[in-house]
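First comes the structure, then the notes that go with it.
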């Protein structure tokens, strides 16, 4: 399932762009040395990395739509990447296990946060496939798209201008996407309609939700 | 989970009691020859058996409370049993596999249908345990109690009069009792409150119910 | 996952259109009487029904792409539907259980087969959602789109002309969409690359595929 | 499943009652602000809280019956509550996730520890439902009742006197209640009968128990 | 897991050898046309096939050791094969799905029944691997070896004489080999030690066995 | 599944033998006081223990064959044991839960590391059973055999000389042996054949592997 978030405010976007402006970008193959398809630049600067991580992590963990949709357990530090004309990132599924200093995490959910305007570049859409169908995303600055890490997806070639995004990976407390989405749907309906129900029925619905969570949460 | 049903009407009870009055009862060990704990009589008469089966099967499969609670796949032909003074059926769990002429079924759910009045006998309660807790049931004629076959249960000794019940076993389309009960709860709440919801939310709830069923039904 | 099929040849399309031309169409609410969102016409004619079923079933069960993708266990008889100007079918998930004369089936996969040209009508796209993202499909005559029954989807309002499609539901031998898709992917790669591998490695790959199938097929 | 424990000795009960006597009780809604059904008092005093937690945790984790039955992974700090005349706690299932300072736990098992005598109050039984059946518990001081958190349960209205209990929640190493109970049963039988078996058969039984644990423990 | 059976008596072996003597053997590639590793002869004669199937099926379904070990649901008609000098059947896992006239079955368990004496040929052992370890089997006439279909196994090259065996595949009511073996172990211990136990403990053990079967049998 | 490893080099073996030569060995019942079948000596010396643990842990965690086969999560500190003439360790399955100072682990995989030459003792083979079949292992110094902890296995009686091994237990990130082995097989085939594949197919294979890992890793 996909969800679009209004994640960062204008100041947060500005802060991240300043970090990027002052940081050092290197070839993205630094973290995937054998890749034949990764063709981008990524921010490589310990201090910049910590500061951008803090901003994005705070934004995600205080975004109630994200919390309700993703059941996040651990969020990997986000990474800022650039695609300049001619650069792309070919079709791939994200790795199942992301090594982090604090120990490896499982990437259940991937998240792309757009940092510049879609008008600033041509091409460069995030294309996510579902078998033979596919969807293209180019967001406004500060918006984010959240999608399952298991999908085959790509960043199409930028033909003009520069595309700047941050990307991150989330280990969810609910591993299976179907189960995660069912919990989300039951919770949403209960939140939207709970106050209109007879108390006895709301109690039953809530108990059933709790029991699904007991069954499925890690 | 337990459910009490108003299953048979006065005529159906009367018909079954007449079948019993005209049929032959034999030692219940006939179907469990090595049992040390089964001490009752059961109806053993092909014609009586067919007729009683038809009545009870029709009653169960047209009882909407039963259908919604049990998700029945196959119902074994019910058996009429008698306990006379001194008779009991010691603590046991029902067998997992019940051989039937049409092939074996799995007994997920057990059902006792009371055929005479609790005033007609002393003792003879159906006692179902849950670990160290237990519940006792003595129903009115035509009422039934439905309970999970995995529980340890017994028929306490009859000390006076005669107890007549029919018993049967149900293979459910939802094997696991926790899952079966969750589907029942979500369905009940949707049925009771669906019309009060905004149509969009009801659609989401219904889709989530369907998707749980898709995941769990055999 | 989605798959587009070239399912019917020109003659098969023609045969189905003739059946439709000679058959009787009735309000689609006939099979969903309480629906607030179903607003279409469906073919209601026993003889037409049998003949169209046979054509579509033969086409599906001899289409190797379909067989490899869907692992079909049972295919429901397809139904021909019409949407005329003003008609739509609002957002819904397909029912989990489809009653058929031979017994109920579980709808894991839904299939829409296009019977007339997209130029013959305006609007009327099949829109399938994935959370907040969605995809639109309008196929050429004889083509089909296969998609998971759990998705929320709709037929958008036809604004001009007439849309004619057949729809059906498939119970798969692999219930879970993630598992079904993984089997499909491993099988595809083995089929495409098996001959290039050392025989010993191909044997290992094949044994692993068989063992996944043993684990997951119903 | 239910289990009754002789948990605390006279001195431990006395110590807890003294803590309660010297501590401050506040409205129970402090921890469930939106509850319409919680109507009790709970001890709210950091020092009292720590001391009572230590006593109860020690008692639970050294009680072999509890350890064998619950397979406890984490025990939440217990909370002392009071129900005075007119107070009750309406029917509810316990929340799936209990936030604790050290991180959230999943409540698989709920535990009520009785701190005063059933003679000291009228009403106030713990009533636990199983579908349409239910059981009532009022224990002696120091005794405890352990039951699955998924059940709908309530504290009935106290009509006279004061009811004092401690309650806690346990995350088990065996999440599913059916599996947890099966491990308990196999372990109990092996413990009770193992010495009477031929060594070869005991070894096989023990290996099978270990292998169930390997399959099911988190 | 592996089990050796004393399956056929002298007369049954003799009957099968006579069928083979009068039947027609063809290249084994007839049923695996693309195989690069199958190099044997198999009996191809409808009448012979029916008669041999009946003998072997009767023998398997009345062999209590087999029934208790394999929990057979469906047994494929056995096939008689010959390996003559120079023939082998290279390393492979058995196919997950075996097409039969009555519909496909899943091969969970494979079974080789030896029809001539190990002295009558050199080489020709059945070698079953478990990762880097392996075991070799050459049985006496009428004996059988039962092993999991998922293993990689081979028939080593016959260097002298002729090897005659029957092979078959079994779909089990308990798909997973670990679960099937656990049920077998618990059942064996209960059968061997049940009579020495106190009745109450035996009842608990039996209830636990039934509940495992309820959970795991298809 | 079984795997043999060339684990330690000559210097590592020598270092461990020196530790053993200078350490104190005690009756193996010290860690299984009630065992009727454990009859060996084990190194009991804190300092020796730490040093030997470090050597063996380093060797395991830098052995790529081990890492790829076992998906190790936690490796218990290895233990050096001696069997002298007359000593054996009767048939048993390893305990499911191994208590360690840092908390208990689940033993999914057992590992025996041979420290002296098979010529230095008679008898003393590690015999691992699979139902009625079994395999015997006696390795060269520094070699190791890795096998599932659920198997019944024994150390046969030493009749002459002295057998010195180290043993350890591994909690795997993939609990189920069938799933662990499937991941291993897919990974091996992808590693061995990936470079020969078209890039598009390799990407699909890799995505499928990642998705199996996402589904199965703890």
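Read-outs throughout are calculated quantities, based only on the coordinates presented, and are distinct from any laboratory measurement. Predicted model only: the values in this text are computed from it and were never measured. Here Cβ is always computed from backbone atoms with ideal geometry, including for glycine, and neighbour counts include all displayed protein chains.
The table below gives the values:
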item: Shielding by other protein chains, A:145-155, mean Cβ within 10 Å; result: 3
item: Nm distances between copies for residue B:24, ranked from closest, using label points 7 Å along Cα→Cβ; result: 5.6, 5.6, 8.0, 8.2, 9.8
item: For segment C:106-166: relative contact order, % (alpha-carbon pairs under 8 angstrom, 6 or more apart); result: 50 percent
item: A from D by rotation - nearest chain D beta carbon to the axis, in Å; result: D:218, 5
item: Shielding by other protein chains, F:195-208, mean Cβ within 10 Å; result: 6
item: Segment A:3-172, relative contact order [Cα under 8 Å, separation at least 6], %; result: 30 percent
item: Among F:70, F:208, F:144, residue whose mean-square fluctuation peaks in a GNM of chain F (springs only between Cα atoms under 10 Å); result: F:208
item: Estimated distance in nm for a label pair at residue C:162 and residue E:54, the labels positioned 7 Å out from Cα along Cα-to-Cβ; result: 6.0 nm
item: Most mobile listed residue (A:148, A:77, A:104) in chain A, GNM with C-alpha springs under 10 Å; result: A:104
item: Gaussian network model of chain B, Cα within-10 Å springs - most flexible of B:121, B:89, B:202; result: B:202
item: The protein assembly as shown shape via C-alpha gyration tensor axes, a/c threshold 1.5; result: rounded
item: Inter-site label distance for residue E:199 and residue A:32 at 7 Å from Cα along Cβ, in nm; result: 6.9 nm
item: Average beta-carbon neighbours from other chains, 10 Å sphere, peptide A:84-96; result: 3
item: Position residue A:51, label points 7 Å along Cα→Cβ, spacing to each other copy in nm (shortest first, one decimal); result: 5.1, 5.1, 7.6, 9.1, 9.2
item: Sites residue C:67 and residue C:6, calculated FRET efficiency, Cβ-Cβ separation with R0 22 Å, nearest 0.05; result: 0.95
item: Acute angle (nearest 10 degrees) that the helix B:10-22 long axis makes with the longest principal axis of chain B, alpha-carbon atoms; result: 30 degrees
item: Cα gyration tensor, segment D:3-172 - rounded (a/c under 1.5), prolate or oblate; result: rounded
item: On Cα atoms only, tilt of D:199-216 relative to the major axis of chain D in degrees; result: 50 degrees
item: Estimated 222 nm signal from helices in chain E, with DSSP H stretches of n ≥ 4 weighted -39500 (n - 2.57), rounded to 500; result: -10500 deg cm²/dmol
item: Rel. contact order, % - alpha carbon contacts under 8 angstrom, at least six apart, segment E:90-218; result: 28 percent
item: Residue D:188-residue C:17 pseudo-label distance in nm [points 7 Å out on the Cα-to-Cβ vector]; result: 7.2 nm
item: Cα gyration tensor, segment F:128-218 - rounded (a/c under 1.5), prolate or oblate; result: prolate
item: Label spacing, shortest first and in nm, from residue C:90 to its equivalents in the remaining copies (7 angstrom along Cα→Cβ); result: 3.1, 4.7, 6.2, 6.2, 7.2
item: Crossing angle, helix F:46-61 versus chain F [Cα axis fit, 0-90 degrees, rounded to tens]; result: 30 degrees
